[in-house]
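Engineer: Okay, here's the structure, questions in a sec.
Read-outs throughout are calculated quantities, based only on the coordinates presented, and are distinct from any laboratory measurement. All figures in this text were calculated on a predicted structure; none of them were measured in a lab. All Cβ positions, glycine included, derive from the backbone under ideal geometry; neighbour counts span all protein chains shown.
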Amino acid sequence: MTSSHKTESDIVRFALAGTSNMSAACITNPIDVIKIRLQLDNELKKTKGTIVPGRDDKRYYKGMLRGLRSILRDEGIRGFYKGLPASLMRESSYSTIRLGAYEPIKRLLGATDPAHTPLWKKICAGATSGAIGSSIATPTDLVKVRMQACTSSSKGGTTSSSSTALHQKPVYESTLGAFTSIYREAGLKGLYRGVGPTVMRATILTATQIPTYDHVKHTLLNWGWFRGEGLDLHITASMMAGLASAATTSPVDVVKTRYMRQIQHSGVYTSSLDCVMKSFSAEGVLGLYKGFIPNWMRIGPHTIVTFLIFEQLRSIVGMRPV
C-alpha cells in the first residue's frame, strides 16, 4: 500500500471510529448518568476522624434500579440524557483519536500481522492512543460530568435530598454555557481540571478495552472456535473487552468523577491523589467501586455497539477487520 493510500485509509478509520463511538454514546447515556450519580452518592464521611461531608448514613439512589427510578421521578426522561451534547463532543474527539490511532500506532511498533501480534504491542498502542485522546479532550469530559451530575428536577430547581448536591452550583443552561462559565470562572486551567485522573483512566481503559477485543478475537479465530469474522465473534470479543475494562477502570473513574464534579476553590479535594486517599479512608475499597455495575453496564454495551458498528462500517468501505 502506498503512503497516500495509507494516509487515506487512516483518515477513513478515524471517521468510522468517531461515528461508531458517537452511536454507542447515544444508546448508553442513561446508564452513564446513573453511574455518575452513584459515584457521587453520599460522597465521603468518617466524622470522628473528620473528612466530611457525606450527609447521613443513607444513600439517596440506593443502587442502580432504584436510582433509575429516582431520576425518572425527579427529572423525567430528559434526566437520562443530561450531558449528551458534551458526551457526543467527547466521543467525536477523544474516542475518535483513541480508536482511530490504535492501529497506526500498532503499526509503528512493528505489528504487521493482526492474527499474530504480541499482546504487549497492543497494550502499548492502546495506552498511547488513549492518553493522547484524553489529554486533548479533557474539557468535553469535564462538562459532561458536570452536566450529568446536576440533579435539577423536571419541575424546576434542584433536588435537595440528593447527596450529589455536594458543592453544587446553579444548573448550567446549556453545554456552551457550561464551557463559557467554567472558562470565565477558572480560565483554561479550569477546563482541564482533573486532567490527571482523566488521562490515567483513558490510558488504562484503552490499554484494556481495544487490546482485549483485538487479542480475544484473533485468539478465538486462531483456536478455530469461530469460522471467521461475524456478529457472534464480534459480540463475544467485545463482551470480554467490556468486562475487563470495567474491572480495571472503576476506581480511577470514581476519582475522576468526584474531582471533576468539584467546583474550583470550594471542594474538599486538593488534588486527585487527595481524592483517592480521602475516599479510601472514609469509604474503604468499596467506595472506589461505587457505580461499578452501571459502569460495567455502560462500558459493556458501549463496547459492543462501538465494535459492531466499527466492524460493519469497515466492511462497507472495504477496509479489513480490526
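Engineer: Could you rank the peptides 95-105, 227-237 by their average count of other C-beta atoms within 10 Å per residue, with the highest value first? Before the final figure, lay out the partial values.
Structural biologist: Details: 95-105: 23.2, 227-237: 14.9.
Descending mean neighbour count gives 95-105, 227-237.
Engineer: Continuing with the same structure: In the stretch 194-213, whose amide N lies under 11 Å from the spot 7 Å out along Cα-to-Cβ of Leu119? List them in ranges.
Structural biologist: 212
Engineer: Compute the length gained on full extension between Ser135 and Arg66: take 0.36 nm times their separation in residues and subtract their Cα-Cα distance, giving the result in nm to one decimal.
Structural biologist: Working: separation 69, 0.36 × 69 = 24.84 nm, distance 3.47 nm.
Net length gain for the segment: 21.4 nm.
Engineer: Here is a follow-up. Once phi is turned into θ = phi - 60°, what whole-Hz ³J(HN,Hα) does the Karplus curve with 6.51, -1.76 and 1.60 give for every residue of the stretch 243-257, x standing for Gly and Pro?
Structural biologist: Those phi angles translate into 5, 4, 5, 4, 5, 7, 9, 4, x, 6, 5, 4, 4, 4, 4 Hz.
Engineer: Relative to the present Cα-Cα distance, how much length would full extension add between Leu273 and Leu188 at 0.36 nm per residue of separation? Before the final figure, lay out each step's value.
Structural biologist: Details: separation 85, 0.36 × 85 = 30.60 nm, distance 2.15 nm.
Between Leu273 and Leu188, full extension yields an extra 28.5 nm.
Engineer: Right, next: Which value, in Å to one decimal place, does the Kirkwood hydrodynamic radius take for the stretch 184-265 when every pair of different Cα atoms is included? If you can, show how the numbers build up before the last one.
Structural biologist: Working: mean 1/r = 0.0680 Å⁻¹.
After inverting the mean inverse Cα-Cα distance, the result is 14.7 Å.
Engineer: Ranked highest first by the average count of other Cβ atoms within 10 Å around their residues, in what order do 179-189, 270-280 fall? Could the numbers behind the result be given before it?
Structural biologist: Working: 179-189: 13.7, 270-280: 17.0.
Ranked from most to least packed, the peptides come out as 270-280, 179-189.
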